[in-house]
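Here the structure comes first, spelled out in structure tokens, and everything after it is commentary.
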Amino acid sequence: MESIKKYVAEFIGTLVLVLFACGAAAVLGCTAEANASYFMTAVAFGLVIVAMAYSIGNISGCHINPAVSLAMLISGKMSVKDFIGYVIAQFAGATAGAAILMALIGKDKGLGTNGLYNGDILLSIVIEIILTFVFVIAILGVTSKTENSAVAGLVIGLSLTLVHIFGIYFTGTSVNPARSFGPALFMGGDALANVWVFIVAPLVGGALAAVVYKFLASKK
């Protein structure tokens, strides 16, 4: 029963992330051009993480991101069974969030999908690996000490804001396979054709962050 509650929490958290943060990107008309909507979109992603961290963090840890769950698996902080359950819940939540968003605003404004930087697949993969690495290593660091629990949600939310402020210009910033999959599924076209980049690259970035942090934190 405890596992089911964790999965439901992850479903809800990822749904809220896509609905509110990707929704903010859509309704604000966020583009790669530096302006108020660019900054507000970055802040929206961070604020959703803060809200969810203090809502469901004590239930599931508030991963709401398969790249984060993979890092936790590699770090020995979750079982394979829970990892699979989390990822299924996250993709389902992102899909539901995108469906609700499309029902509310249609597809004309977009659904906060990601895009290749200058049409370059390799460069986009490298960018997403770097962005995800920075985000996930911040998560691993702040959650490594129990005394940080009171501020962990805030730190993680600000870290996500940071990577969005830098990354929106390049790819729209994914760092989260589920967050990218949900909107792309309903937008179709190039967004869906290229979504594999935003699934693979964040997973690689998350895995690298876990390996590097394990090395840095090792007592040996």
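Restricting to the stretch 88-104, name every residue that is in contact (Cβ under 8 Å) with a residue 12 or more places away in the chain, of a type in the set (A, V, I, L, M) and either out of contact with any helix residue (DSSP H, G or I) (no Cβ under 6 Å at 6 or more places or on another chain) or surrounded by 21 or more Cβ atoms within 10 Å (Cβ to Cβ) (or both).
Within the stretch 88-104, Ile88, Ala89, Ala94, Ala98, Ala99, Leu101, Leu104 meet the criteria.
Thr41 fails exactly one of the following numbered conditions: (1) buried (at least 24 other Cβ atoms within 10 Å of the Cβ); (2) of a type in the set (Val, Ile, Thr); (3) more than 24 Å from Tyr117 (Cβ to Cβ). What is the number of that condition?
(3)
Restricting attention to the stretch 64-81, which residues are crowded, with 20+ Cβ neighbours inside 10 Å and in a helix (DSSP H, G or I)?
Pro66, Ala67, Val68, Ser69, Leu70, Ala71, Met72, Leu73
With the stretch 107-220 as the region, which helices (runs of 4 or more DSSP H) entirely inside it contain at least 2 residues that are of a type in the set (Gly, Ala, Ser) and surrounded by fewer than 18 Cβ atoms within 10 Å (Cβ to Cβ)?
In the stretch 107-220, the matching helices (runs of 4 or more DSSP H) lie at 149-171, 189-193.
Output the number of the condition that Lys81 fails; it satisfies all remaining conditions of (1) in contact (Cβ under 8 Å) with a residue 24 or more places away in the chain; (2) in contact with a Gly (Cβ under 9 Å, 6 or more places away or on another chain).
(2)
Tell me yes or no: at least one residue of the stretch 6-14 is of a type outside the set (D, E, K, R), within 16 Å of Gly112 (Cβ to Cβ) and crowded, with 18+ Cβ neighbours inside 10 Å.
Yes, that holds for at least one residue.
Condition check ((1) surrounded by fewer than 20 Cβ atoms within 10 Å (Cβ to Cβ); (2) modelled with pLDDT under 95; (3) not hydrophobic (A, V, I, L, M, F, W, C)) across all residues:
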site: Ala24; (1), (2), (3): no, no, no
site: Val27; (1), (2), (3): yes, no, no
site: Cys30; (1), (2), (3): no, yes, no
site: Asn35; (1), (2), (3): yes, yes, yes
site: Gly46; (1), (2), (3): no, no, yes
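The values are calculated or read from the model by the stated rules, or taken from the named source; none is laboratory data. Owing to the predicted nature of the structure, the values given are computational and were not obtained by experimental measurement. Positions of Cβ are backbone-derived with ideal geometry, glycine not excepted, and every protein chain shown enters the neighbour counts.
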